[in-house]
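What follows is one structure encoded as C-alpha cells, with my remarks underneath.
The values are calculated or read from the model by the stated rules, or taken from the named source; none is laboratory data. Predicted model, so just to flag it, every value in this text is computed and none were measured. Cβ: placed from backbone, ideal geometry, glycine included. Neighbour counts: every protein chain shown. Accessible surface is based on the protein model in full, side chains and every heavy atom, while ligands, DNA and RNA are left aside. Shrake-Rupley method; radii C 1.70, N 1.55, O 1.52, S 1.80 Å.
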Amino acid sequence: MIWDTDYETLPRTELAKLQGERLCRLVDVLYRRVPFYRRKMDSLGVKPLDIRGIEDIIRLPFTTKDEMREVYPYGLLAVDLKEIVEIHTSSGTTGKPVVDAYTAGDIDIWSEVMARTLATGGTARHDIVQNAFGYGLFTGGLGVHYGAHRIGATVIPISGGNTKRQLAILQDFGSTVLTCTPSYSLYLAEAAREEGVDLSKTGLKAGFFGAEPWSETMRKEIEAKLHLLAIDIYGLTEIIGPGVASECERQDGLHVFEDHFYPEIIDPATGKSLPDGEKGELVITTLTKSGTPVLRYRTRDITYLDRRPCACGRTSARMHRVLGRTDDMLIIRGVNVFPSQIEQVILAVEGVEPHYQLVVERRDQLDELEVQVEMNERLFSDEIRNLEGTERRIEEMLFGALNIHTRVKLVEPKSIARSEGKAKRIIDKRQL
Ligand code: DLL
C-alpha cells in the first residue's frame, strides 16, 4: 500500500525540481547558521548561490562520522536548542556518539517516512504492531512507534529482549506485525519452537527488519519460520534513524524516500560519483530536516542505486540491500570479503542454523578466517553424522564464492551468543 501517493509517485522530473529547491534552501541555512558547514564550504570555495539545482550537489563537501564526533554534542545544530524536542545518539561503542537532535517538525517528518515504511507491507489502522526494536537512544524503537501512530495502528512498545514475554504477547494480543532486527526474529522463531508455540497459528502477516545486514537466504528462512512477509528497512542515526528507505511488497530493492533524503553513490577511495548500477558507498543528504541537517553524509554502507520505475508505482530510486560496510569489509590475504557473502553461502547448507560468527586471526603474518556455524539439532544428534565432510564441503563452497581458503568449524546448537539487537558477527583478533 502506498501511504502518500502525491510524493511517493511524483514524476522524476518534478521530484528533481523539488529536491533542487530543498537543497538550495538547506545550503543557505547551513551556511548561515552552522559554522561547521560554513568552514567546510569555504574551504572548497563554494557559496550558497553556486548551488542552483540538485545536480550541483556534487560541488558540496562530504561529511564523515569522525568530523561529526569532533563537534559533539551540539556542533551540528542548525536551530536554537529550545527548538529541539528529542535527542537520539548512535551507540558510541567506537568513540564519541553522533547526535541527532529533532525539532517538532523533524519528528513529524520521521513519523511520515516511518508511516510510508510500515505501509509498504500493508500495515493499516486495524494492525497490531509488536515493536521489538530497542526503545531509548537507539532510533529503532521510537521510529517505528511514531510511524505506527501516524498510521493509527496499535503499537505494543515491548522493546527488545525478554523473549518468553514476546511470545506470550504475540499470542495473547494477536500481533499482526513484528518489528526487530532480522537476527532477533530468528531467535524468536527458535524460542517459539522450544516453547511449543506454532507461529503459523499466530496473526503475524508482516515483519519489518533492519538495523543490520542480512541476506536473501536469511529472508527466506525468516519468512518460512515466522510465516510472514519480511520487509527490509534501512536507516541510520546520523540521518534520522529508520525511515530512510524501505522495500515494497515486490522485495526488489529499497525505495529511498528521496523527497527527504537524497542518495548518491561514490567510489569510497576517490569520492567520485558513480552511475546507477555501480557498487559504491552510499552518501545521503537530508533535504528537509531542521534540527541537525546533514550534507552529503558518507554512510560507509556499500550498495548501488536503480532509478528505473518499480512495478509498485513508486518513482523513487531503489537501493539494493546493503552489501556490506566499508569498515566491515574484511581483507583476508588481500581479498575483500563481506560477511553477507559468507552468510549467503552457509545458509544454503542443509543441517546448519542461521547463527554464525567469523573469527579472524593473524598467524605468521598470514590472515586466517574461521567461520563458526551452528549445527541444527538433527545434525548434532545424528550418530552417523559426518561433521568433517560437511565442514570440508562448506569450505569448498566458500572457496567457490570468495576465492579464499577459510576454516569452517561446526559448533554445537546454541553455542553462538544470540542478540536482542544487532548481531555481532565478526571477532577480529588481529587488532589485539
Ligand atoms: O540501525 C537505524 C535503524 C533502526 C534501521 C531500525 C532500521 C531499523 P544505527 O544504529 O545508527 O541506526 O545504525 C546504522 O546500521 O549505516 C547500516 O550499516 C546498518 N543498517 C541499518 N539498516 C540496515 C539494513 C539504525 N536494512 C547502520 N540492512 C547503517 C543492512 C543496515 N544494514
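Quick look at the values:
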quantity: Distant-in-sequence amide H partners of Asp301 (H built 1.01 Å from N, under 5 Å); calculated: Leu282, Thr326
quantity: For q = 0.11, 0.14 Å⁻¹, Debye-computed log10 I/I(0) when each Cα of the chain counts as one equal scatterer; calculated: -0.88, -1.35
quantity: Accessible surface, 1.4 Å probe, highest first, among residues Asp28, Asp172; calculated: Asp172, Asp28
quantity: Solvent-accessible area of Ile58 with every protein chain in place, 1.4 Å probe, in Å² to the nearest 10; calculated: 100 Å²
quantity: Exposure ranking of Thr270, Thr13, Thr202, Thr154 by accessible area [1.4 Å probe, largest first]; calculated: Thr13, Thr270, Thr154, Thr202
quantity: Share of carbon and sulfur in the accessible heavy-atom surface of the range 356-413 [1.4 Å probe, %]; calculated: 44 percent
quantity: Surface/4 estimate of mean projected area, convex hull on alpha-carbon atoms of the range 347-409, nm²; calculated: 4.6 nm²
quantity: Accessible-area composition of the range 1-40, carbon plus sulfur, in percent [1.4 Å probe]; calculated: 54 percent
quantity: Percent antiparallel among DSSP beta bridges (both partners in the chain, rounded to 5); calculated: 65 percent
quantity: Solvent-accessible area per residue for the chain (1.4 angstrom probe, square angstrom); calculated: 43 Å²
quantity: Extension gain, Arg308 back to Lys201 (0.36 nm per residue minus Cα-Cα distance, nm); calculated: 34.7 nm
quantity: Flagged links, alpha-carbon separation over 24 Å, of Lys220/Lys414; Lys225/Lys429; Lys279/Lys429; calculated: Lys225/Lys429; Lys279/Lys429
quantity: The range 159-206 versus the range 1-58: alpha-carbon centroid distance in Å; calculated: 42 Å
quantity: Fraction of accessible area attributable to carbon and sulfur, the range 122-166 (%, probe 1.4 Å); calculated: 55 percent
quantity: Per-peptide average of other Cβ atoms within 10 Å, ordering 136-143, 240-247, 69-76 highest first; calculated: 240-247, 136-143, 69-76
